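First the structure, in the form of C-alpha cells, and then the observations on it.
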Amino acid sequence: MGAKVLLAARMDPIVTPGGVSSHMHNVVGGNRFSSTYDYDDLRKSTCTSNLVSIDHSNYWAPGLHYVNKTGGTTTFSYIPSYFTVYYLDRNGSKKEKVHAWPGPLKMLAGSPNRRAYNASNVADKAVSFVCLDYNNGSPQTTEFPKNNCPDGLRAQIVFPSCWDGQNYD
C-alpha cells in the first residue's frame, strides 16, 4: 500500500489559500499542512505520512466518493485512499545532474472543471484511471470507469517533470 491519508478536507492552499476548496482533497505528507502554503512552516513538520520518512512535502488530490441512490435519497460514501508518490529519473543519456525542486515551488496537475476528455489539452492528459481487474487485464482510460472494478480503482495524476527555472506558481 501507499502513504496513508493525513487529512481529508475541503482545503487547497494553492488554488484557494485560506479558503474553502470547491471539492474535498485527500492529503498526505508533512504534519504542518494547512489551508495556506508556507514553505518555511512546512519544513518544520515533525513527521510525515509519506513512505519516504524524510519527505515532508505535501501532496493532495481530489477525494473519491461513491454515490448511493436508494429510495429517492442520494448519499455519498467516502472511498478510502492511499497515495504512492515517486519521482522518475529522466536525465537522459547525458547523465546531467538532477536538482531538487526549489523550496517555494507550487505545482498543479489536472483541472477541477474537466467534464470531458480533450486530447489536445495538457491538463486533461494529466489524469487517468485504471479499473483494476487482475484476472482480465486492467486498461488505462481517460474517463472515470462506469463499471465495478473488482480489484480496486487506481486514479493516476502525472505532474510536470521539469521547471522553467523562474516561476514558483
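The values are calculated or read from the model by the stated rules, or taken from the named source; none is laboratory data. Owing to the predicted nature of the structure, the values given are computational and were not obtained by experimental measurement. Glycine gets a Cβ as well: all are built from the backbone with ideal geometry, and neighbour counts include every protein chain shown. Ligands, DNA and RNA are excluded from the accessible area calculation, which covers all protein heavy atoms including side chains. Shrake-Rupley method; radii C 1.70, N 1.55, O 1.52, S 1.80 Å.
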* In segment 63-87, the residues that are assigned to a loop (DSSP other than H, G, I, E, B), hydroxyl-bearing (Ser, Thr, Tyr) and surrounded by fewer than 10 Cβ atoms within 10 Å (Cβ to Cβ) -> Tyr86
* To do: Give the residue that is modelled with the lowest pLDDT, with candidates limited to residues of segment 113-123 that are surrounded by 11 or more Cβ atoms within 10 Å (Cβ to Cβ) and more than 26 Å from Pro102 (Cα to Cα).
  => Arg114
* To do: Tell me which residues, restricted to segment 125-165, are open to solvent by less than 90 Å² (accessible area, probe 1.4 Å) and in contact with a Ser or Thr (Cβ under 7 Å, 6 or more places away or on another chain).
  => Ser128, Phe129, Val130, Cys131, Leu132, Thr141, Thr142, Gln156
* Consider Asn31 carefully, then state whether it is touching a Cys at 6+ places or on another chain (Cβ under 6 Å), on the phi < 0 side of the Ramachandran plot and touching a residue at least 24 places away in the same chain (Cβ under 8 Å). => yes
* **Checklist (1) open to solvent by less than 80 Å² (accessible area, probe 1.4 Å); (2) under 17 Å from the mean Cα position of the chain (by Cα) applied to Leu108, failing item** => (1)
* Structure fact -> If we ask which residues in segment 1-13 are at pLDDT 90 or above and more than 13 Å from Thr48 (Cβ to Cβ), their number turns out to be 6
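May I ask you to list the residues in segment 23-62 that are of a type in the set (A, V, I, L, M, F, W, C) and either in a strand (DSSP E or B) or out of contact with any strand residue (DSSP E or B) (no Cβ under 7 Å at 6 or more places or on another chain) (or both)?
Our first condition is that a residue be of a type in the set (A, V, I, L, M, F, W, C); within segment 23-62, this holds for 24, 27-28, 33, 42, 47, 51-52, 54, 60-61.
Residues satisfying the conditions are Val27, Val28, Cys47, Val52, Ile54, Trp60, Ala61.
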* **Which numbered condition Tyr37 misses (of (1) in contact with a Gly (Cβ under 6 Å, 6 or more places away or on another chain); (2) open to solvent by 40 Å² or more (accessible area, probe 1.4 Å))** => (1)
